[in-house]
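The values are calculated or read from the model by the stated rules, or taken from the named source; none is laboratory data. Predicted, not measured: the structure shown is a model, and the values here were computed from it. All Cβ positions, glycine included, derive from the backbone under ideal geometry; neighbour counts span all protein chains shown. Heads up: the accessible areas ignore ligands, DNA and RNA and are worked out on the full protein's heavy atoms, side chains in. Shrake-Rupley method; radii C 1.70, N 1.55, O 1.52, S 1.80 Å.
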Amino acid sequence: MSDQISTFYNQLAADYHFIFADWRKSVLRQSEVLDKLIRAQTGSGGRSVLDCSCGIGTQAIGLAVRGYTVHATDLSPDAVERARREAAHFKVDLTFGVADFRALAAVVEGTFDVVLSCDNSLAHMLTEAELQEAFASMYAKVQTGGLLLLSIRDYDQTILDKPHSTLPTVSETDGERNISFQVWDWSEDGKSYTLNHFTVKQNGADWDTSNRVTQLHAWQRSEFNALLEKVGFTNIDWHMPPNSGYYQPIVTAKKPS
């Protein structure tokens, strides 16, 4: 499964920013929300961060801009390379590595005040065993008394509605439009779905279409809570978009002192 996920994000790396109407503004806007939440959860601490599913750097770069010391890893080498280039564009220093977040100990040294994984990355874990392995790997990288911060789609609602697509996001590059959207094919049991991620780019009078395919599981918040507790996390708390200002539900948890 790791190869399938890595292939999906390798293929998407060059176009990932089209998910957002203005990706660079989103980097700064998301970091403002995350910084406020981290400070509320850690007080004046929480300055070292491991972003273990960094993608092209959406959260890692924004937090580095705000003065955090960030190490950013991802399963996709192409995404990590793109994140390096974007960090240079933002003129921030952070370190990078390629790592599966189920096996962080193999390539990431030390522990961190905050370990985070955003943008629904954990939905790629299709079984409880895989999700528990990911949580245990992250637990090992959170320092004693430190914070875990995760974001995931609101699957508690989504699993009831079972939408078959997302609304398109339209952006513009050099006067030509780019459209990003997803088509979802739900499994028979209604707990997972095949995601087709389309990018449509205007090329003069023509349009070029790309599609990448992956599998996702619609994890419920109660399932997250149970597995986080099982690996040892405490103080588990959900922060919903109307209150947090973030575009997905966020769960925070602590590693006991």
Q. Has the stretch 154-169 got at least one residue that is basic (Lys, Arg), at pLDDT 95 or above and surrounded by 15 or more Cβ atoms within 10 Å (Cβ to Cβ)?
A. no
Q. So Thr252 clears everything in (1) open to solvent by less than 40 Å² (accessible area, probe 1.4 Å); (2) farther than 16 Å from Leu148 by Cα; (3) in a strand (DSSP E or B) except one condition, right? Which one?
A. (2)
Q: Please enumerate the residues belonging to the stretch 172-185 that are surrounded by fewer than 16 Cβ atoms within 10 Å (Cβ to Cβ) and either aromatic (Phe, Trp, Tyr) or at negative phi (or both).
A: Glu172, Thr173, Glu176, Arg177, Asp185
Q | Hits in the stretch 100-130 (condition: of a type in the set (A, V, I, L, M), more than 14 Å from the chain's Cα centre (by Cα) and either at pLDDT below 95 or surrounded by fewer than 23 Cβ atoms within 10 Å (Cβ to Cβ) (or both)) | A | Ala103, Leu104, Ala105, Ala106, Val107, Val108, Leu126, Ala129
Q) Taking the stretch 199-231 as the region of interest, how many residues are closer than 24 Å to Asp154 by Cα and in contact (Cβ under 8 Å) with a residue 40 or more places away in the chain? A) 17
Q) Condition test on Arg82, is it open to solvent by less than 30 Å² (accessible area, probe 1.4 Å), modelled with pLDDT of 95 or more and of a type in the set (D, E, K, R)? A) yes
Q: Hey, can you tell me all the residues within the stretch 201-230 that are surrounded by 19 or more Cβ atoms within 10 Å (Cβ to Cβ) and of a type outside the set (S, T, N, Q)?
A: Leu216, His217, Ala218, Trp219, Phe224, Leu227, Leu228
Q. Only one of (1) without any contact (Cβ under 8 Å) to a residue 12 or more places away in the chain; (2) farther than 26 Å from Thr7 by Cβ; (3) not hydroxyl-bearing (Ser, Thr, Tyr) fails for Asp113. Which number is that?
A. (1)
Q: Report the residue count in the stretch 131-142 for those that are open to solvent by less than 40 Å² (accessible area, probe 1.4 Å) and either within 14 Å of Ile5 (Cβ to Cβ) or not polar (S, T, N, Q) (or both).
A: 6
Q. Which members of the stretch 186-235 meet the condition of being under 22 Å from Ser2 (Cα atoms) and over 22 Å from the mean Cα position of the chain (by Cα)?
A. Ser187
Q: With the checklist (1) of a type in the set (Gly, Ala, Ser); (2) open to solvent by 70 Å² or more (accessible area, probe 1.4 Å); (3) in contact (Cβ under 8 Å) with a residue 12 or more places away in the chain in hand, flag the one item Gly145 doesn't pass.
A: (2)
